Amino acid sequence: MIRERGIVIHAEDCGDYWAERLEKSGLNVVGVHPAGGVVAHHSLADCIRFVGTPAWSRFAARMERVGIAVEFEMHALSWLLERELFDVHPDWFRMDEHGQRTPQFNCCASSPEALDHIRERAAELAGIFKPDTHKYHFWIDDVASAGCACPQCRSLSASDQAVILYNAIADGVCSVDPAARVSYLAYCETLKLPKEIKPSDRLFLEYAPIGRDHARPLFDPDCPANAAQTDHLPALLDLFGRRGAKALDYWVDNSLFSGWTLPPKRFSLHEEVCRADVRAYRDLGFESVTSFGCYLGENYRDLWGDADLDAYFRILAAED
């Protein structure tokens with residue numbers, strides 16, 4: 001049964017326009033997403049400032065009144081381990097395929113000192129972003145593949161290195177919120193099954209098949225692109241469990257369809273694809289289903305009028 005039906009919007013869209021749409025949507029979760037990419041840590045810092053403003057307080061209060069839980073979903077690793085620390089602690093950062101340490105993306109998963117720092121910063125971040133669901137989404141960096149190739153890490157897959165990092169994040173978060181659970185984002189290279197490192201029982205699966213063919217049902221047996229995204233999914237569900245498992249898809253993500261570049265393109269939902277995918281996620285045992293819904297706020301309305309999201313809302317509401 002799908003218990004949580006949601007949408008993920010950019011932090012800057014958390015105002016009256018989206019609040020009104022959400023109040024009528026039938027959804028019960030909204031995710032707040034500082035924009036990703038290579039400067040995601042700057043977007044995260046902007047979001048920290050935003051959640052201290054009256055504008056955020058008004059939005060959060062409107063969500064609470066209608067029973068919509070608020071979560072925060074963000075690529076956080078470059079905030080958790082500040083890039084400027086590279087000059088002092090280069091060994092905390094990843095080694096590239098040429099044997100050079102680099103501050104670009106993620107870190108060395110075999111550095112005890114780096115993991116300790118990540119734990120401390122994760123506790124700090126959990127004290128700022130307090131999701132109503134106790135589900136924390138502090139992801140590693142927004143890059144297809146950036147594992148560490150140092151002698152200690154090179155035998156570990158991207159997924160195994162990610163589990164090490166998410167386990168450390170969970171340690172920090174749970175020191176602040178003992179009821180917390182932390183997402184393992186299965187995304188790009190981390191869609192593959194981790195085999196060497198055991199995930200903490202405080203992790204839950206968040207499955208984000210960004211490399212899929214968005215015009216075909218995800219489980220279409222005649223679509224090789226989608227088969228590549230789902231190869232490890234049953235095993236991932238078995239490893240992490242189905243309790244709290246979340247599908248984070250892209251059916252209404254106009255930022256993706258606009259190439260993450262403004263102005264936004266005109267959007268229309270592949271309704272039958274969305275309906276088939278939601279049914280499949282339900283049958284697999286996912287308890288939470290959501291989609292990015294970025295570039296559909298006032299920036300879209302001013303150019304194209306209100307985006308037609310009613311079909312998306314109805315499809316998810318039917319799984320209540």
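The values are calculated or read from the model by the stated rules, or taken from the named source; none is laboratory data. These numbers were taken from a predicted model, which means no experiment stands behind them. FYI the Cβ positions are ideal-geometry reconstructions off the backbone, even for glycines, and counts take in every protein chain you see.
Summary of computed values
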| quantity | calculated |
| --- | --- |
| Flag for residue 175 being touching a Lys or Arg at 6+ places or on another chain (Cβ under 9 Å), small (Gly, Ala, Ser), outside the structural domain of residue 278 (by TED's automatic domain parsing) and surrounded by fewer than 17 Cβ atoms within 10 Å (Cβ to Cβ) | yes |
| Candidates 171, 141, 132, filtered to the one that is in a helix (DSSP H, G or I) and either in contact (Cβ under 8 Å) with a residue 60 or more places away in the chain or of a type outside the set (Val, Ile, Thr) (or both) | 171 |
| Unique match (being at pLDDT 95 or above and touching a Gly at 6+ places or on another chain (Cβ under 9 Å)) among 298, 271 | 298 |
| Matching residues in segment 143-152 - criterion: being buried (at least 21 other Cβ atoms within 10 Å of the Cβ) and within 14 Å of residue 115 (Cβ to Cβ) | 148 |
| Failed item, numbered, when residue 253 is tested on (1) over 15 Å from the mean Cα position of the chain (by Cα); (2) in the same structural domain as residue 274 (by TED's automatic domain parsing); (3) of a type in the set (D, E, K, R) | (1) |
| Checking residue 31 against (1) closer than 20 Å to residue 183 by Cα; (2) in contact with a helix residue (DSSP H, G or I) (Cβ under 6 Å, 6 or more places away or on another chain); (3) small (Gly, Ala, Ser), the condition it does not meet | (2) |
| Matching option when the condition is in contact (Cβ under 8 Å) with a residue 12 or more places away in the chain, crowded, with 21+ Cβ neighbours inside 10 Å and more than 24 Å from residue 70 (Cβ to Cβ), among 165, 193, 185, 205 | 165 |
| Condition check for residue 5: outside the structural domain of residue 140 (by TED's automatic domain parsing) and either over 30 Å from residue 157 (Cβ atoms) or surrounded by 15 or more Cβ atoms within 10 Å (Cβ to Cβ) (or both) | yes |
| Residue check for residue 123: in contact (Cβ under 8 Å) with a residue 24 or more places away in the chain, crowded, with 19+ Cβ neighbours inside 10 Å and touching a Ser or Thr at 6+ places or on another chain (Cβ under 6 Å) | no |
| Enumeration of residues in segment 67-114 that are closer than 30 Å to residue 14 by Cα and either assigned to a helix (DSSP H, G or I) or of a type in the set (D, E, K, R) (or both) | 71, 73, 77, 78, 79, 80, 82, 83 |
| Qualifying positions in segment 248-279 - under 19 Å from residue 204 (Cα atoms) and either surrounded by fewer than 22 Cβ atoms within 10 Å (Cβ to Cβ) or of a type in the set (D, E, K, R) (or both) | 249 |
